[in-house]
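Undergrad: Sending over a structure as structure tokens; questions will come in a sec.
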Amino acid sequence: MIYLFDLLFELKIIPISLFQLSIEKLSLPTNFQTFIQQPWSLFTYNFLYTGLFNVAFDCLWLYWLGTIFFNFLSKRQFLFIYIVSGVLSGIIFLVFSHLALFSHASNPPLNTGAFTLAAVLAATATLVPKFELRLLLFGNVKLKTIAIIYFAIQFFFFLLTNKPAAISYFCTVLFGMGYVYALQSGMDWSKIFKRNKQRPTKMKVVVGQGTQQSRSHRYDLPNQDQIDQILDKISLSGYDSLSTQEKETLFKASNNNKIDG
């Protein structure tokens with residue numbers, strides 16, 4: 001969208017450069033006074049890209065990681081990592097930008113989705129470190145190895161160009177790893193995003209002289225709490241740890257599009 005603004009300005013259809021204005025208003029500033037005037041930037045910076053190659057690369061990364069992630073965890077857990085890591089990294093960036101050690105440096109505003117991508121990659125690599133991806137020139141490479149190399153490159157890039165962003169990036173990677181470690185110990189932080197759903201009721205059908213026979217409604221399926229417990233058990237111990245009844249419950253729910261995270 002911002003590139004459309006730039007095109008309109010270059011063609012002299014609009015008198016001002018909305019491209020540059022959009023970047024200024026949507027990027028996360030280093031100055032706290034400026035941030036107070038545009039608090040929405042804490043959320044918008046994560047979706048702002050100034051390079052077409054960067055947005056294409058990050059979208060492909062998210063697609064590949066999402067495909068792996070959803071084989072083991074739910075959509076709710078993915079959204080928790082993605083949203084919280086974006087807000088958390090923005091707050092850390094603002095805090096460290098105001099420390100005396102970094103406040104005198106000319107740090108650029110933040111406008112990248114690299115932080116949320118790092119959190120998702122860290123969580124996925126911690127969950128299934130031995131998962132292999134086939135690369136064109138290198139063959140099968142473990143996800144853990146790819147993650148370490150990617151994190152190192154991104155961290156040193158931020159370290160050279162924007163030190164508060166480098167610290168924020170490091171903390172975001174720790175958050176992604178910490179979420180999976182907490183999940184494996186039985187704590188699912190994403191339950192704060194959990195929706196409370198009413199359990200379906202059963203229909204009563206009257207047969208004969210006042211005799212009632214219970215008949216399950218067509219929506220009388222396993223509730224979301226049961227499904228979440230089964231998904232958590234898979235993430236901790238694997239699919240083989242499920243009992244026969246739990247496997248049947250999961251199969252029934254998946255056939256009825258019940259698993260929605």
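The numbers here are math on the coordinates, done by the rules we state, and not lab data. Treat the numbers as computed from the prediction; the structure is a model and nothing was measured. Reconstructed Cβ throughout: ideal geometry from the backbone, glycine too, with neighbour counts over all protein chains shown.
Undergrad: Non-local amide H neighbours of Phe70 (under 5 Å, H modeled in plane, Pro and chain starts lacking H): which ones?
TA: none
Undergrad: Give me Leu73, Leu88, Leu231 sorted ascending by neighbouring Cβ count inside 10 Å, so fewest comes first.
TA: Leu88, Leu231, Leu73
Undergrad: Once amide H atoms are placed 1.01 Å from N in the peptide plane, what residues at a sequence separation of 5 or more from Leu110, or on another chain, have their amide H within under 5 Å of its amide H?
TA: For Leu110, the qualifying residues are Leu28.
Undergrad: Based on other C-beta atoms within 10 Å, arrange Tyr181, Tyr63 from fewest to most.
TA: In increasing order of surrounding Cβ atoms, one gets Tyr63, Tyr181.
Undergrad: By average Cβ neighbour count within 10 Å, what is the ranking of 56-62, 25-31 from highest down?
TA: With the highest mean Cβ count within 10 Å placed first, the list reads 25-31, 56-62.
Undergrad: Please compare each pair in Lys142/Lys194; Lys194/Lys233; Lys142/Lys191; Lys130/Lys163 to a cut-off of 23 Å on the Cα-Cα distance and tell me which ones are over it.
TA: Violating the 23 Å limit, Cα to Cα: Lys142/Lys194; Lys142/Lys191; Lys130/Lys163.
Undergrad: From the backbone phi of region 159-165, what are the Karplus-calculated ³J(HN,Hα) couplings (6.51 cos²θ - 1.76 cosθ + 1.60, θ = phi - 60°) in whole Hz, Gly and Pro given as x?
TA: Calculated HN-Hα couplings, in order: 5, 7, 10, 7, 4, x, 5 Hz.
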